[in-house]
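Data first, discussion second: the structure below is written as structure tokens.
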Amino acid sequence: MTKPTEKLELFEVFVRSKRGLDHKHVGSLHAEDHEQALEYARDCYTRRSEGVSLWVVKSSDICASQEDDADCFYDPNDDKPYRHATYYVLPEPVNNM
Amino acid sequence: MTSEATNFMRKIEAEEKIEPKDWMPEEYRKNLIRQISQHAHSEVIGMQPEGNWITRAPSLRRKAVLLSKVQDEAGHGLYLYSAAETLGISRSEMIEQLQTGKAKYSSIFNYPTLTWADVAAIGWLVDGAAIVNQVSLQRTSYGPYSRGMIRICKEESFHQRQGYEAMLALAKGSPEQKAMAQDALNRFYWPALMMFGPHDSASAHSQKSMEWKIKRETNDDLRQKFVDQTVKQIEVLGLEHPDKNLQWNEERGHYDSSDLNWDEFWSVINGNGHCNRQRIEHHIAAHDEGEWVRDAIAAYNEKKRAKKAQNAA
């Protein structure tokens with residue numbers, strides 16, 4: 001038995017549901033190349049006018065931060081509370097600024 | 001408990017999702033692969049009983065609807081295979097497990113579709129039962145599975161509604177059509193209830209799955225939901241309810257119903273349903289017959305790649 005999907009690359013699919021909105025990750029699929037991935041993505045993820053634009057990206061091209069490193073990776077920002085609007089206490093009459 | 005295990009349980013208890021690269025207990029992973037792949041296989045095998053009627057649909061409209069539905073099922077299979085693949089099993093391994101009988105699929109698809117009314121009954125009852133289960137699974141603890149379920153539920157509602165509409169047309173049609181509808185209801189009602197699996201007390205994987213929030217509601221609770229919601233639907237069709245012991249229980253706020261024929265349930269699961277052999281044989285045949293297409297795609301792409309390389313040189 002041939003193992004068709006193992007020869008194929010994995011692609012991640014992103015759909016923009018409406019102009020003005022972000023592309024959103026919707027799932028993945030196997031395809032030979034970008035062109036084929038785009039056609040498959042159309043058939044699989046946009047059967048009901050879910051989108052106006054599709055992106056396909058090779059999964060192997062995505063570089064992701066690690067869950068386990070989250071603490072130290074994002075830590076430097078935790079000691080900068082002055083980056084949040086709520087840090088600044090203003091007089092009541094103008095506090096709704 | 002190791003710190004990894006503690007962290008895992010903390011996420012589960014806080015209703016946070018587990019994502020593919022997170023640490024997870026081996027049993028959790030195995031349990032998920034079993035459940036998701038079984039779910040994927042059900043979508044794919046589920047195309048057969050309905051596909052049986054595409055060429056014989058009673059009108060062009062019904063044919064177009066049925067084609068779209070069957071196409072959806074293929075898509076749902078893909079969503080689920082992709083979700084299972086994030087757990088480290090390959091598509092070909094899963095297909096091999098299906099074809100060798102190591103992996104199961106929902107027993108409901110081992111029942112034959114004898115008449116057009118069966119196709120209507122499947123959309124209404126089988127997809128209806130699947131929706132009850134899948135709505136609950138939208139809250140499953142594994143992220144990719146949960147997202148797949150949300151996507152599937154969005155699409156599945158059409159499946160149930162088109163089935164009910166087709167059933168309604170028959171139930172309000174000629175006496176022969178109405179009889180056909182009644183017959184389909186009588187045959188599919190019980191197997192649809194069996195789709196929720198054995199009683200909680202007899203379900204091998206239930207307890208751990210509930211603890212890990214892979215499953216969010218028990219087999220019996222989900223089954224009860226389906227029993228309750230179907231009563232009114234049968235009434236509106238003007239058909240007779242197949243369960244003669246059905247009775248409203250004021251105290252429980254639910255309908256009491258007959259127990260199921262569990263011998264039949266186990267017998268079909270263990271390979272002795274009407275169509276078990278046929279379904280798998282057909283899957284293998286379709287897979288083998290499609291080999292030349294896959295080969296052709298690969299050869300074409302190889303050619304394209306070579307050409308690209310030549311042009312680049």
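No lab work stands behind these numbers, since they all come straight from the coordinates. Not measured: the values here are computed from a predicted model. Methodologically, a virtual Cβ is constructed for each residue, glycine included, from the backbone with ideal geometry; neighbour enumeration extends over all protein chains shown.
The convex hull built on the alpha-carbon positions of the protein assembly as shown has an orientation-averaged projected area of 29.4 nm².
Averaging the Cα positions of each part gives two centres, and for the range B:252-289 and the range B:102-116 these lie 5 Å apart. Taking label points 7 Å from Cα along the Cα-to-Cβ direction, A:Thr86 and B:Ser90 give a separation of 5.0 nm.
Modelled this way, with points 7 Å down the Cα-to-C-beta line, the labels at B:Lys154 and A:Asp22 are 1.6 nm from one another.
Report the FRET efficiency, 1/(1 + (r/R0)^6), for B:Val231 and B:Gln71, where r is their Cβ-Cβ distance and R0 is 30 Å, rounded to 0.05. It would help to have the intermediate numbers written out before the result.
Details: r = 32 Å, r/R0 = 1.06.
Taking R0 as 30 Å, the efficiency between B:Val231 and B:Gln71 is 0.40.
Based on the alpha-carbon gyration tensor of the range A:7-63 and its eigenvalue square roots a ≥ b ≥ c, which shape applies: rounded if a/c is under 1.5, prolate if not and a/b is larger than b/c, or oblate? Cα axes put the range A:7-63 in the oblate bin. Only helices enter this figure: runs of n ≥ 4 DSSP H residues, each worth -39500 (n - 2.57), summed and divided by the residues of chain B, yield -21000 deg cm²/dmol at 222 nm to the nearest 500. May I ask which residue of A:Leu29, A:Leu10, A:Thr46 lies farthest towards the positive end of the charge dipole of the range A:7-63, with charges of +1 (Lys, Arg) and -1 (Asp, Glu) on Cβ and the Cα centre as origin? It is A:Thr46.
Distances over 26 Å make up what percent of all Cα-Cα pairs in the range B:1-142?
Working: 3553 of 10011 pairs.
Counting pairs separated by more than 26 Å, the tail of P(r) holds 35 percent.
Within 10 Å of each candidate Cβ there may be at most 15 other Cβ atoms; applying that plus a DSSP loop requirement, which GluC sites (Glu not before Pro) in the range B:1-104 survive? Kindly include the intermediate steps, with their values, before the conclusion.
Details: sites: B:Glu4, B:Glu13, B:Glu15, B:Glu16, B:Glu26, B:Glu27, B:Glu43, B:Glu50, B:Glu73, B:Glu85, B:Glu93, B:Glu96; in loops: B:Glu15, B:Glu16.
Within the range B:1-104, the qualifying GluC sites (Glu not before Pro) (loop, at most 15 other Cβ atoms within 10 Å) are B:Glu15, B:Glu16.
For B:Ser136, the shell of other residues with beta-carbons less than 9 Å away shows a net charge of +2, using +1 for Lys and Arg and -1 for Asp and Glu. Annotation note: trypsin sites (Lys or Arg not before Pro) in the range B:76-167 located in DSSP loop regions with a Cβ neighbour count of at most 13 within 10 Å are B:Lys102.
Once the trypsin sites (Lys or Arg not before Pro) in DSSP loops with at most 16 neighbouring Cβ atoms within 10 Å are cut out of chain A, the longest remaining piece is A:49-97.
Shown in residue order for the range A:17-30 are the 3J(HN,Hα) couplings computed by the Karplus curve 6.51 cos²θ - 1.76 cosθ + 1.60 at θ = phi - 60°: 6, 7, 4, x, 9, 6, 5, 10, 5, 10, x, 9, 7, 9 Hz (x for Gly and Pro).
The local environment of A:Pro76, defined by Cβ-Cβ distances under 14 Å, has a net charge of -3 under the rule Lys, Arg +1 and Asp, Glu -1. Annotation: extensible slack from B:Asp221 through B:His199 equals 6.9 nm (criterion: 0.36 nm per residue apart, minus Cα-Cα distance). Would you work out if the range B:72-131 is rounded, prolate or oblate? Take a ≥ b ≥ c from the square roots of the eigenvalues of the alpha-carbon gyration tensor; rounded if a/c is under 1.5, else prolate when a/b is larger than b/c, oblate otherwise. Prolate is the answer for the range B:72-131, as a/c is 1.5 or above and a/b outweighs b/c. For the pair B:Arg161 and B:Lys304 in one chain, pulling the backbone fully straight at 0.36 nm per residue adds 47.0 nm over the alpha carbon distance.
Among rounded, prolate and oblate, which fits chain B when a ≥ b ≥ c are the square roots of the eigenvalues of its C-alpha gyration tensor, a/c under 1.5 means rounded, and a/b larger than b/c means prolate? Numbers along the way, then the final one.
Details: a/c = 2.02, a/b = 1.19, b/c = 1.70.
Cα axes put chain B in the oblate bin.
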